[in-house]
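Visitor: Sharing a structure below in structure tokens format, with a few things to ask.
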Amino acid sequence: MTAWFSTASGGAGSTVADELIGRDREMALLAQHLTMAAGHGGALLLQGAPGAGKTALATAFGHIAVESGACYLHTGASPAESGLPFVGLHQLLGDRVADLTAIAPQRRQALLAAFGLAEPTSGRPEPFLIGLAVLDLLTALATDRPTVIVVEDAHWLDRETADLLAFVLRRLARERILLLATARPGYHNALIDAVEDTLTVGPLSPEAAGELIDRAAPHLTPAARSRVLGWAAGNPLALLELPHAGEETPAGIVPATDRLGRAFTTRSLTLPEAVRTALLITAVDDHADLREILSAASAAAGTVVAVGDLACATTAGLIRIDAGRVTFRHALVRSAVHEEASGEQRRQAHLALAGVLAGQPERQIWHRAAASLTPDAELAGELERVAASAQRRGGLSTASAALRHAIALSPAGPDRLRRLLDAAALAFQLGDRELLASMVSRAADAGPLGPAEKARLEYLSEAFDFKPWTATSIEAAVGRARAATAAGHPAAALDLLGSVVARSYMGGADERILRRVTDALDELNLPADQPGVLRVYAYAAPVARGEQLLHRLHAALPAAAGDADRLYDIGMAAGPLGDAHLQVAALVPAVEELRRRGRISITASALWALSTAQYFTGDWSAGRIAAAESTQLATDTGQSLWAAAARLTEAVYTAVRGEPGTAAGLVHRTLTEVPLFAPSQVMRANGMIALAEERYDEAYENFARVFVPGDPACHSALQVWLAVDLAEAGAAAGRRAEAEALLHDLDERYDRMPSPLLHVTIATARALLARDDRAEAMFTAAVRPQVTRWPFLRARTRLAFGTWLRRQRRVSESRTPLRAARDEFDQLGAAAWSERARRELRAAGERSRAVVSSPTGGLTAQELQIATLAAQGLTNREIGERLFLSHRTVSSYLYQTFPKLGVSSRQQLAAALARPPSPPQR
């Protein structure tokens, strides 16, 4: 494989434009990836030490891509630009703005706002809305020909670009798009971690190193050649540069990169002072603009510095000047120039740049701040405004950096404390645990804290803690919330109390403890019908306030139409109150509105709650889809707790559908990624796996832990979900008395809480555990008309009733409930329970046709979701916009789905999806 270097300096003014030497294996692999990109997407990371030849390989690969007719996109990163939001993305796509007309207006506006070319339409744009715009643009470019993206020095990418490219990369598997990134070893960011395939660019072989040095420096004596080969240790850049260093590099064992740095430093020291000043300004500049650098250098040097003056630096192989930009030929040159300068020289360079940036106030502020040596309240305030501006454009990491610099320049006082808390909040949004802990710790020591600051500090300091609040910590938090309320800061108090109840609910806090939270909420005097307030009350007092809360939530639903946040609050509040149907009614439109706005983070949690509700309402196809999508979106957005909750819900669906091995794998993965995640949810998933496999004692042990006070898995709200499961396992394992005792507290709650789910589960559990003399009456009560809205519970009641009738020798009567149970289980896809119903019918003298696999049973959750939307008449592009996928990815999914369903066109999908699993035999 032949490829060419881009023009590269060989030092002392010479250039080399020669074949890549010793890289046949690497170029063959790159060519293979390019060939694959013609059919589907992919990504590859070139990883190697400085000077290993990553740029040469990437450049050669880019030439091949262009020659093959691919659309070629390139971006590079540097330390100076790593703090600028979306700068890497702008370099990648900035000249493609004309192609944005094909993108949905809301997404196009978000991307333009990120580039600073438009104002956000409303507040701060959702980062993932920008990501969806990038996905749309890239897939549009790849429609007619493969697209190649090269990201050089990915380890220096600004965080916003790295996060968005990682998000997009996870959705490119079926697109004709190939991403090639280069990075140094030991660096991590979202993009680097998202690329699964890595090619390590190591040293050249001794033979290749000898060939390269002979071509680059044929003048070397044998002794000098041998010395340079030893120094370079196979590093290509060292082989090209060290022959021109003479005796500049020391003897002994010194890494090649260190030798290179010293060589570049020595070379720069031979240049005129004004040119060295220009090089330092280039090193601290973030735009590499030639005119800007010459103006600043002239101001700093006290004499005019013209472009011709920089020719000596170009000849020395330190910089390149092209298209009005000044760039260092290698990052090691920048490092050498920067490190050689004194602190005062760097400060003067920043001041010189600030002096020529009057028309760019935000950049000017950054350089002024870099030059400041003492606290400066005015400059700190300007940096805070820069942070606010960056947030409006979606640049959270830049906003965080600006705030931290503002903190460093802030005199002690309330402004500094507020900025520390704001920086902590941004760290939480960024998912940066270490930075959050640092900001919280510094805020705690920043001086006297008022009630609002104490409440906010408490809220932020617990933000990444997976453990539930204890009774003591809840009492302390309630005290701080009350103090904040008394001081006139109800919003801070509500945030803190909301955090307390949400995580206490996850950990199963005792109702008596949460009563203190309810009392504190009452003192806030917030609007009683505000869904956000109702949500906090629902988690804090589902029993004591349940009836009142449900009434207000149902009343609030019509007025919330079209308001994603209000619908979300209503749906999330309905969960702990046990109204699954209200959850579905609120969360289905909430999810649709959240999708439309590109609010992926909150969509993940809404989908999880929706999937748990649909389990009880019987819409298992939709629930399975929602759980799988929630897992994916939560993972994409770094929400490990929501991803864990969603994956465990997937495990429950998978278990009841008859795939216990797959379900166990999902539980194992959850515990591997989040070891401390809610034990009650883990017990539920493990219990359902055991129940599906008829390992009743094991199932009972798992469920029972959720009901035992003092057990880490004890969870009063989850007991409502698991009452029937506990009863079924207890009855089958011969542990009826134990199960009845554990369900006693739920019986007490029955009359105090209007939860529809609680009333149904108690009635069903009582029937499953009833003694023979009371069983018939209990079963009759449990299958009353209200239970029709809870199909899985109703079918299990009918199965148990039919089984009881058969064992009472009322065989003929038993067949009616057993048939009904069988048909309902078949309709739901509850494979294990369906087989039990057939077994009981056989024992009652009636044979059932073996259940035919559902036409959708072989589909993944995503395939089923896409097929369902296509059957509803949505186009591939509409489906892609709804599911945060490209339209080509949707097309690929449908191509794979058609043969599984036995169809050949979209028009046949609706009928195929509606086919029942098997016709019931009478």
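The values are calculated or read from the model by the stated rules, or taken from the named source; none is laboratory data. Predicted model, so just to flag it, every value in this text is computed and none were measured. A quick note on method: Cβ atoms are made from the backbone with ideal geometry, for glycine too, and the neighbour counts reach across all protein chains shown. When the accessible area is computed, the model is the full protein with side chains, heavy atoms only, and any ligands, DNA or RNA have been set aside. Shrake-Rupley method; radii C 1.70, N 1.55, O 1.52, S 1.80 Å.
Visitor: Is it fair to say ALA390 is of a type outside the set (Val, Ile, Thr) and open to solvent by 30 Å² or more (accessible area, probe 1.4 Å)?
Guide: no
Visitor: Regarding segment 171-185, can at least one residue be identified that is more than 30 Å from SER892 (Cβ to Cβ) and in contact with a helix residue (DSSP H, G or I) (Cβ under 6 Å, 6 or more places away or on another chain)?
Guide: Within segment 171-185, one or more residues are more than 30 Å from SER892 (Cβ to Cβ) and in contact with a helix residue (DSSP H, G or I) (Cβ under 6 Å, 6 or more places away or on another chain).
Visitor: Still on this structure, please answer the following. Only one of (1) buried (at least 16 other Cβ atoms within 10 Å of the Cβ); (2) under 30 Å from the mean Cα position of the chain (by Cα); (3) more than 13 Å from ARG385 (Cα to Cα) is not met by ARG419, so which one is it?
Guide: Checking ARG419 against (1) buried (at least 16 other Cβ atoms within 10 Å of the Cβ); (2) under 30 Å from the mean Cα position of the chain (by Cα); (3) more than 13 Å from ARG385 (Cα to Cα), the one that fails is (3).
Visitor: Let me ask you something else. So, ASP95, is that one closer than 29 Å to ASN876 by Cβ, out of contact with any Lys or Arg (no Cβ under 7 Å at 6 or more places or on another chain), modelled with pLDDT of 85 or more and open to solvent by 20 Å² or more (accessible area, probe 1.4 Å) or not?
Guide: Against the criterion (closer than 29 Å to ASN876 by Cβ, out of contact with any Lys or Arg (no Cβ under 7 Å at 6 or more places or on another chain), modelled with pLDDT of 85 or more and open to solvent by 20 Å² or more (accessible area, probe 1.4 Å)), ASP95 does not qualify.
Visitor: Another question, then. Considering ALA622, ALA655, ALA643, which residue is under 21 Å from the mean Cα position of the chain (by Cα), of a type in the set (Gly, Ala, Ser) and assigned to a helix (DSSP H, G or I)?
Guide: Among ALA622, ALA655, ALA643, only ALA643 is under 21 Å from the mean Cα position of the chain (by Cα), of a type in the set (Gly, Ala, Ser) and assigned to a helix (DSSP H, G or I).
Visitor: If only one of ALA408, ALA401 is of a type in the set (A, V, I, L, M, F, W, C) and either modelled with pLDDT under 90 or touching a Ser or Thr at 6+ places or on another chain (Cβ under 7 Å) (or both), which one is it?
Guide: Of the residues listed, the single one that is of a type in the set (A, V, I, L, M, F, W, C) and either modelled with pLDDT under 90 or touching a Ser or Thr at 6+ places or on another chain (Cβ under 7 Å) (or both) is ALA401.
Visitor: While we're here: Select, from ALA217, ALA288, ALA232, the only residue that is aliphatic (A, V, I, L, M), at pLDDT below 85 and over 41 Å from the mean Cα position of the chain (by Cα). Please lay out each step first, then the result.
Guide: Values: ALA217 fails: at pLDDT below 85; ALA288 fails: over 41 Å from the mean Cα position of the chain (by Cα).
Criteria check complete, one pass: ALA232.
Visitor: Please pick out the residue among LEU239, LEU294, LEU279 that is in a helix (DSSP H, G or I), open to solvent by 20 Å² or more (accessible area, probe 1.4 Å) and at pLDDT 85 or above. Spell out the reasoning first.
Guide: Numbers: LEU239 fails: open to solvent by 20 Å² or more (accessible area, probe 1.4 Å); LEU279 fails: open to solvent by 20 Å² or more (accessible area, probe 1.4 Å).
Only one candidate qualifies: LEU294.
Visitor: Take the conditions hydrophobic (A, V, I, L, M, F, W, C), more than 25 Å from GLY88 (Cβ to Cβ), in contact with a Gly (Cβ under 7 Å, 6 or more places away or on another chain) and surrounded by 22 or more Cβ atoms within 10 Å (Cβ to Cβ) and apply them to LEU457. Does it pass?
Guide: No: the conditions fail for LEU457.
Visitor: Which residues, taken from segment 784-823, are within 19 Å of ASP619 (Cβ to Cβ), in contact (Cβ under 8 Å) with a residue 40 or more places away in the chain and surrounded by fewer than 24 Cβ atoms within 10 Å (Cβ to Cβ)?
Guide: ARG789, TRP790, PRO791, PHE792, LEU793, ASP823
Visitor: If we scan segment 728-741, do we find a residue that is in contact with a helix residue (DSSP H, G or I) (Cβ under 7 Å, 6 or more places away or on another chain), closer than 23 Å to GLU659 by Cα and open to solvent by less than 10 Å² (accessible area, probe 1.4 Å)?
Guide: yes
Visitor: If you don't mind, there's one more thing I want to ask. Report those helices (runs of 4 or more DSSP H) wholly inside segment 373-453 carrying at least 3 residues which are among the hydrophobic types (A, V, I, L, M, F, W, C) and over 22 Å from GLY83 (Cα atoms). Walk me through it before giving the result.
Guide: On the way: elements: 377-392, 396-409, 414-430, 433-444.
In segment 373-453, 433-444 are the helices (runs of 4 or more DSSP H) which contain 3 or more residues that are among the hydrophobic types (A, V, I, L, M, F, W, C) and over 22 Å from GLY83 (Cα atoms).
Visitor: Restricting the search to segment 881-907, which residues are outside any helix (DSSP H, G or I), touching a residue at least 12 places away in the same chain (Cβ under 8 Å) and not hydroxyl-bearing (Ser, Thr, Tyr)?
Guide: The answer is PHE884, LEU885, GLY902.
Visitor: Considering each of ALA52, ALA56, ALA113 in turn, give the residue that is under 25 Å from the mean Cα position of the chain (by Cα) and surrounded by 16 or more Cβ atoms within 10 Å (Cβ to Cβ). Lay out the reasoning, then the answer.
Guide: Values: ALA52 fails: under 25 Å from the mean Cα position of the chain (by Cα); ALA56 fails: under 25 Å from the mean Cα position of the chain (by Cα).
So the residue among ALA52, ALA56, ALA113 that is under 25 Å from the mean Cα position of the chain (by Cα) and surrounded by 16 or more Cβ atoms within 10 Å (Cβ to Cβ) is ALA113.
Visitor: Tell me, yes or no, whether segment 585-606 has at least one residue that is open to solvent by less than 10 Å² (accessible area, probe 1.4 Å), within 19 Å of THR860 (Cα to Cα) and part of a helix (DSSP H, G or I).
Guide: So far as segment 585-606 goes, yes, one or more of its residues are open to solvent by less than 10 Å² (accessible area, probe 1.4 Å), within 19 Å of THR860 (Cα to Cα) and part of a helix (DSSP H, G or I).
Visitor: When you check GLU547 against the structure, is it open to solvent by 10 Å² or more (accessible area, probe 1.4 Å) and closer than 28 Å to LEU885 by Cα, yes or no? Break it down stepwise before answering.
Guide: Numbers: open to solvent by 10 Å² or more (accessible area, probe 1.4 Å): yes; closer than 28 Å to LEU885 by Cα: no.
Considered against the rule, which asks whether it is open to solvent by 10 Å² or more (accessible area, probe 1.4 Å) and closer than 28 Å to LEU885 by Cα, GLU547 comes out as no.
Visitor: May I pose another question? If LEU204 satisfies every condition in (1) at pLDDT 90 or above; (2) more than 17 Å from GLY22 (Cβ to Cβ) but one, which is the exception?
Guide: The single condition LEU204 does not satisfy is (2).
Visitor: Could you look through segment 168-177, keep only residues that are part of a loop (DSSP other than H, G, I, E, B) and not acidic (Asp, Glu), and pick out the one that is most open to solvent (accessible area, probe 1.4 Å)? Give the derivation first.
Guide: Filtering segment 168-177 down to residues part of a loop (DSSP other than H, G, I, E, B) leaves 170-176.
In the following step, the residues that additionally are not acidic (Asp, Glu) were identified as 170-174, 176.
Details: ARG170: 103, ARG171: 17, LEU172: 8, ALA173: 69, ARG174: 57, ARG176: 44 Å².
Across segment 168-177, the extreme among qualifying residues is ARG170.
Visitor: Can you find even one residue in segment 128-140 that is free of Cβ contacts under 8 Å to residues at least 40 places away in the same chain and surrounded by fewer than 23 Cβ atoms within 10 Å (Cβ to Cβ)?
Guide: No, there is no match, as no residue in segment 128-140 is free of Cβ contacts under 8 Å to residues at least 40 places away in the same chain and surrounded by fewer than 23 Cβ atoms within 10 Å (Cβ to Cβ).
Visitor: Same structure again: Checking ALA634 against (1) assigned to a helix (DSSP H, G or I); (2) under 25 Å from LEU587 (Cβ atoms); (3) open to solvent by 40 Å² or more (accessible area, probe 1.4 Å), only one condition comes out false. Which one?
Guide: Here ALA634 meets the rest and fails (3).
Visitor: State all residues of segment 154-167 that are surrounded by fewer than 24 Cβ atoms within 10 Å (Cβ to Cβ) and in contact with a strand residue (DSSP E or B) (Cβ under 8 Å, 6 or more places away or on another chain); if no residue qualifies, say none.
Guide: HIS155, the sole residue that qualifies.
Visitor: Taking the conditions exactly as written (in a helix (DSSP H, G or I), acidic (Asp, Glu), surrounded by fewer than 19 Cβ atoms within 10 Å (Cβ to Cβ) and out of contact with any His (no Cβ under 7 Å at 6 or more places or on another chain)), does GLU362 satisfy them or not?
Guide: Spelling it out, GLU362 is indeed in a helix (DSSP H, G or I), acidic (Asp, Glu), surrounded by fewer than 19 Cβ atoms within 10 Å (Cβ to Cβ) and out of contact with any His (no Cβ under 7 Å at 6 or more places or on another chain).
Yes/no matrix, rows are residues, columns are (1) of a type in the set (Gly, Ala, Ser); (2) modelled with pLDDT under 85:
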| residue | (1), (2) |
| --- | --- |
| SER504 | yes, yes |
| ARG516 | no, yes |
| GLY562 | yes, no |
| ASP569 | no, no |
| GLY575 | yes, no |
| LEU587 | no, no |
